[in-house]
Amino acid sequence: MESLIQEFIEYLGHEKGLATNTLESYGRDLRQYCGFLSEDASQTPETASQATIVAYLMMLRKQGKATATIARRLAALKAFYQFMLKENYVTKDPTDELSSPKLERKLPKVLTVDEVDKLLNQPDTSTPAGIRDKAMLEVLYATGIRVSELVSLNLGDIDFNEGFVRCIGKGSKERVVPMGELAINSLKAYLSKGRPKLAANPEENALFLNHHGRRLTRQGFWKIVKKYAAQLGIRKEITPHTLRHSFATHLLENGADIRAV
């Protein structure tokens with residue numbers, strides 16, 4: 001089963017150009033599906049029927065999985081079986097007649113301008129980690145880039161002379177995003193006072209480092225944002241993406257063109 005999943009993941013990466021995070025998500029979902037199949041020695045991805053897949057989806061529902069999670073798992077299975085059909089591993093797609101559950105459309109939680117201001121000023125800038133956190137929050141809010149793009153930044157991606165950041169977005173597409181003065185100043189402070197004290201390896205190219213001197217992960221940054229929100233008593237469900245949504249909303253409230261957000 002694992003070799004089949006790996007073949008599928010490589011196909012998605014090479015033929016479809018999907019982002020690494022998307023590929024990892026597909027891999028996790030399919031391994032969980034194969035784990036379900038392995039409970040019956042006679043079942044494999046090649047022999048699974050529509051009834052088998054319906055039973056799997058019903059199990060997810062009984063486990064209390066969110067509708068969005070079930071929809072994502074089914075989307076992964078549909079893509080997987082389309083690949084298997086194309087490569088002649090199966091003669092029929094058992095997911096063909098299955099429809100994705102309807103999702104409730106929820107607007108992302110948005111922080112007020114005052115809440116954002118407090119969050120941006122929450123890090124203790126007398127410490128290297130606090131200087132880093134301040135810079136990351138300022139850049140995220142000022143540019144509206146994705147959290148995955150933020151933590152993927154390297155030293156050479158910042159152009160202080162022109163005032164922009166170069167990042168790699170979905171589908172490995174490069175884009176250049178301007179930064180404001182506050183973000184630029186916070187980055188300069190981090191590079192001069194924060195990063196040198198976090199860097200364990202002088203050859204490390206990552207811009208934002210954890211306390212081990214390696215690239216800070218998305219999960220690591222999520223914990224940082226949650227910590228500061230809790231310290232401020234912000235009761236809204238907050239994730240690193242909340243800042244991005246807040247950025248877009250504040251732009252629109254101030255008359256920005258929605259096509260530019």
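The values are calculated or read from the model by the stated rules, or taken from the named source; none is laboratory data. Worth saying up front: this structure is predicted, and the values here are computed from it rather than measured. Cβ coordinates were reconstructed from backbone atoms using ideal geometry, including for glycine residues, and neighbour counts include every protein chain displayed.
Answer yes or no as to whether residue 37 is over 17 Å from residue 75 (Cβ atoms), surrounded by 17 or more Cβ atoms within 10 Å (Cβ to Cβ) and in contact (Cβ under 8 Å) with a residue 12 or more places away in the chain.
Spelling it out, residue 37 is indeed over 17 Å from residue 75 (Cβ atoms), surrounded by 17 or more Cβ atoms within 10 Å (Cβ to Cβ) and in contact (Cβ under 8 Å) with a residue 12 or more places away in the chain.
Name the single residue, out of those in segment 52-102 being hydroxyl-bearing (Ser, Thr, Tyr) and in contact with a helix residue (DSSP H, G or I) (Cβ under 6 Å, 6 or more places away or on another chain), that is nearest to residue 30 (Cα to Cα).
Taking segment 52-102 as the starting set, the residues that turn out to be hydroxyl-bearing (Ser, Thr, Tyr) are 52, 56, 67, 69, 81, 89, 91, 95, 99-100.
The next check asks that each one be in contact with a helix residue (DSSP H, G or I) (Cβ under 6 Å, 6 or more places away or on another chain); those that pass are 56, 95, 100.
Values: 56: 12, 95: 14, 100: 16 Å.
So the residue we want is 56.
Return the only residue of 234, 184 being of a type in the set (Val, Ile, Thr) and not in a loop (DSSP other than H, G, I, E, B).
That would be 184, the only listed residue that is of a type in the set (Val, Ile, Thr) and not in a loop (DSSP other than H, G, I, E, B).
Restricting to segment 171-230, name every residue that is on the phi > 0 side of the Ramachandran plot and at pLDDT below 90.
Listed by number, the residues that qualify are 171, 172.
Take residue 48 and decide whether it is free of Cβ contacts under 8 Å to residues at least 60 places away in the same chain, outside any helix (DSSP H, G or I) and more than 30 Å from residue 168 (Cα to Cα).
Taking the combined requirement at face value, the residue satisfies it.
Which one of the conditions (1) touching an Asp or Glu at 6+ places or on another chain (Cβ under 9 Å); (2) over 30 Å from residue 12 (Cα atoms); (3) exposed (fewer than 15 other Cβ atoms within 10 Å of the Cβ) does residue 176 fail to meet, given that it meets all the rest?
Of (1) touching an Asp or Glu at 6+ places or on another chain (Cβ under 9 Å); (2) over 30 Å from residue 12 (Cα atoms); (3) exposed (fewer than 15 other Cβ atoms within 10 Å of the Cβ), only one is false for residue 176: (2).
From the list 17, 27, 13, 35, which residue is on the phi > 0 side of the Ramachandran plot and not assigned by TED's automatic domain parsing to the domain that holds residue 168?
Sole residue among the options that is on the phi > 0 side of the Ramachandran plot and not assigned by TED's automatic domain parsing to the domain that holds residue 168: 17.
What is the one condition in (1) out of contact with any Ser or Thr (no Cβ under 8 Å at 6 or more places or on another chain); (2) over 24 Å from residue 172 (Cβ atoms) that residue 1 does not satisfy?
Here residue 1 clears every test but (1).
Can you tell me which residues in segment 129-149 are modelled with pLDDT of 95 or more, crowded, with 19+ Cβ neighbours inside 10 Å and not β-branched (Val, Ile, Thr)?
Listed by number, the residues that qualify are 132, 133, 134, 135, 136.
Being within 23 Å of the chain's Cα centre (by Cα) and at pLDDT 85 or above is the filter here; which residues of segment 72-111 pass it?
Listed by number, the residues that qualify are 72, 73, 74, 75, 76, 77, 78, 79, 80.
For segment 206-220, check the following and say yes or no: at least one residue is loosely packed, with under 12 Cβ neighbours inside 10 Å, part of a helix (DSSP H, G or I), assigned by TED's automatic domain parsing to the domain that holds residue 145 and not small (Gly, Ala, Ser). Please lay out each step first, then the result.
Pass one, segment 206-220, residues loosely packed, with under 12 Cβ neighbours inside 10 Å: 212, 219.
Retained after the next criterion (residues that are part of a helix (DSSP H, G or I)): 219.
With the extra rule that they be assigned by TED's automatic domain parsing to the domain that holds residue 145, the set shrinks to 219.
Next cut, not small (Gly, Ala, Ser) only: 219.
Yes, because at least one residue in segment 206-220 is loosely packed, with under 12 Cβ neighbours inside 10 Å, part of a helix (DSSP H, G or I), assigned by TED's automatic domain parsing to the domain that holds residue 145 and not small (Gly, Ala, Ser).
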